Amino acid sequence: MTEALDPIRHSSTDLVQVECPARRPAAGSDDAGAPLDGVALVTLNRPRALNALSFALLTDLGRVIEALDADPAVRAIVITGAGRRAFAAGADIGELAEQTPDSLTASEGFRGWDRVAAVETPTIAAVRGYALGGGCELAMACDMLIAGSDVVFGQPEVKIGIIPGAGGTQRLTRAIGAARAMELVLTGRQIRADEAARLGLVTKVVPAEETLAAALDLAAAIAALPAGAARAAKAAVRAAAELPLAGGIVHERMLFRERFGTPDQVEGMRAFVEKRPPRWEGRPAPSDPPEDRPG
Ligand code: CO8
């Protein structure tokens, strides 16, 4: 039996829309298509302010993302921005202008990014247009990043007298290396899709109109796999950014061992040996043969 989604926990707010299960738009259309089992779509919804990340939006985003993460029926999450102009043009500068060191210390604002980075469910940013400052930092807090050909990334904070404060100096450096991150953070220079791809900042660049569909397709491919294995794989890759190599290998080995004896491991390997498609827990039985066998 398929796990039921809880409509209360996944209710949208004015600032953060949730569609669960997500519906993939048909090619060349904004119309909703077929529901994607196990995939949730989260949309930042302040298009007139280029989805600037206000404190209220960040609070809603954190709540929504944690509720989705706690739902076993959600196996992949896509985050995108409303409209075609921006994923998010950064934190809300009007609000930031009023802050002091003390108010920021007391603020829950940073938690929005932290909560997205902390979820165990695989996350994918579907990024069109501007992803600047906190918007770039939010995209980088996701596990994978699908960029439209119209994307503009940047950490422009230095131009308004501050520095990236939601993980930008750390995640950008880990993603593209210190010398390149240093130049972008110190100058605030914006980069476009081709350069972002060359630098290794994005998973894939697609035509702008196909951004959301491509991210949802990737999410659906992940959601079709056993959730526990996907979560463990995410945790292992994430650890590479935080642990020295030896510690990372130890961590990977622990996660690897923990897979054994789980229903997914037992079923996945048995199905391979019996030359049949696996039946993952809580999912309808597959009708088609698998496309790939693990290499
Ligand atoms: N904050 C608030 N409003 C914004 C923001 C923003 N970051 N970005 C755009 N808007 C608003 C504009 O004010 C404008 O509103 P209105 O129509 O009411 O005047 C609307 O969105 C459209 O923007 P523009 O008219 O400026 O559109 P343009 O096409 O001329 O320019 C740009 C688009 C280049 C994206 C431009 O809007 C821009 O430079 N935006 C600011 C980018 C920026 O500096 N971002 C970094 C912000 S600082 C940050 O993110 C820190 C993160 C860590 C914070 C931690 C807090 C706890």
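Does Glu120 qualify as being out of contact with any Phe, Trp or Tyr (no Cβ under 6 Å at 6 or more places or on another chain) and loosely packed, with under 15 Cβ neighbours inside 10 Å? Lay out the reasoning, then the answer.
On the way: out of contact with any Phe, Trp or Tyr (no Cβ under 6 Å at 6 or more places or on another chain): yes; loosely packed, with under 15 Cβ neighbours inside 10 Å: no.
Spelling it out, it is not the case that Glu120 is out of contact with any Phe, Trp or Tyr (no Cβ under 6 Å at 6 or more places or on another chain) and loosely packed, with under 15 Cβ neighbours inside 10 Å.
Which residue out of Ala70, Ala97, Ala106, Ala49 is surrounded by fewer than 16 Cβ atoms within 10 Å (Cβ to Cβ), within 12 Å of the ligand (Cβ to nearest atom) and over 19 Å from Gly133 (Cα atoms)?
Values: Ala70 fails: within 12 Å of the ligand (Cβ to nearest atom); Ala97 fails: over 19 Å from Gly133 (Cα atoms); Ala49 fails: over 19 Å from Gly133 (Cα atoms).
Just one listed residue meets the conditions, Ala106.
Give Ala34, Ala76 a once-over and let me know the one that is crowded, with 22+ Cβ neighbours inside 10 Å and either more than 21 Å from Ala208 (Cβ to Cβ) or within 16 Å of the ligand (Cβ to nearest atom) (or both). Full working, then the answer.
Details: Ala34 fails: crowded, with 22+ Cβ neighbours inside 10 Å.
Just one listed residue meets the conditions, Ala76.
Tell me which of these Val205 doesn't satisfy, since it passes every other one: (1) out of contact with any Ser or Thr (no Cβ under 8 Å at 6 or more places or on another chain); (2) open to solvent by 50 Å² or more (accessible area, probe 1.4 Å).
Result: Val205 passes all but (1).
Would you call Asp60 away from the ligand (no atom under 13 Å from the Cβ), over 22 Å from Ile222 (Cα atoms) and in contact (Cβ under 8 Å) with a residue 40 or more places away in the chain? Break it down into steps so the answer makes sense when it comes.
Numbers: away from the ligand (no atom under 13 Å from the Cβ): yes; over 22 Å from Ile222 (Cα atoms): yes; in contact (Cβ under 8 Å) with a residue 40 or more places away in the chain: yes.
When the stated conditions are applied, Asp60 passes them.
What number of residues within the range 120-135 are part of a helix (DSSP H, G or I) and in contact with a helix residue (DSSP H, G or I) (Cβ under 6 Å, 6 or more places away or on another chain)?
Step one: of the range 120-135, the residues part of a helix (DSSP H, G or I) are 134-135.
Filter again for in contact with a helix residue (DSSP H, G or I) (Cβ under 6 Å, 6 or more places away or on another chain), leaving none.
Residues that pass the stated criteria total 0.
Is at least one residue of the range 154-166 out of contact with any Gly (no Cβ under 7 Å at 6 or more places or on another chain), touching a residue at least 60 places away in the same chain (Cβ under 8 Å) and assigned to a helix (DSSP H, G or I)?
Yes, some residue in the range 154-166 is out of contact with any Gly (no Cβ under 7 Å at 6 or more places or on another chain), touching a residue at least 60 places away in the same chain (Cβ under 8 Å) and assigned to a helix (DSSP H, G or I).
Only one residue in Leu138, Leu172, Leu145 is in contact (Cβ under 8 Å) with a residue 24 or more places away in the chain, under 17 Å from Ala241 (Cα atoms) and not in a helix (DSSP H, G or I), so which one is that? Break it down into steps so the answer makes sense when it comes.
Values: Leu138 fails: not in a helix (DSSP H, G or I); Leu172 fails: not in a helix (DSSP H, G or I).
None of the other options fit; the residue is Leu145.
Which helices (runs of 4 or more DSSP H) does the range 188-260 wholly contain that include 2 or more residues that are of a type outside the set (Lys, Arg) and farther than 30 Å from Glu157 by Cα?
Details: elements: 193-199, 211-223, 227-239, 245-259.
Correct list: 211-223, 227-239, 245-259.
Six or more apart or on different chains, Cβ atoms under 6 Å: show the pairs whose first residue is in the range 251-278 and over 17 Å from Leu225 (Cβ atoms) and whose second is of a type in the set (Gly, Ala, Ser).
Correct list of pairs: His251/Ala239; Glu252/Ala236.
Restricting to the range 128-166, and then to whatever is open to solvent by 10 Å² or more (accessible area, probe 1.4 Å) and of a type in the set (D, E, K, R), can you tell me which residue is nearest to the ligand (Cβ to nearest atom)?
Result: Glu157.
The values are calculated or read from the model by the stated rules, or taken from the named source; none is laboratory data. Owing to the predicted nature of the structure, the values given are computational and were not obtained by experimental measurement. Positions of Cβ are backbone-derived with ideal geometry, glycine not excepted, and every protein chain shown enters the neighbour counts. Note: areas computed on protein heavy atoms with side chains; ligands, DNA, RNA excluded. Shrake-Rupley method; radii C 1.70, N 1.55, O 1.52, S 1.80 Å.
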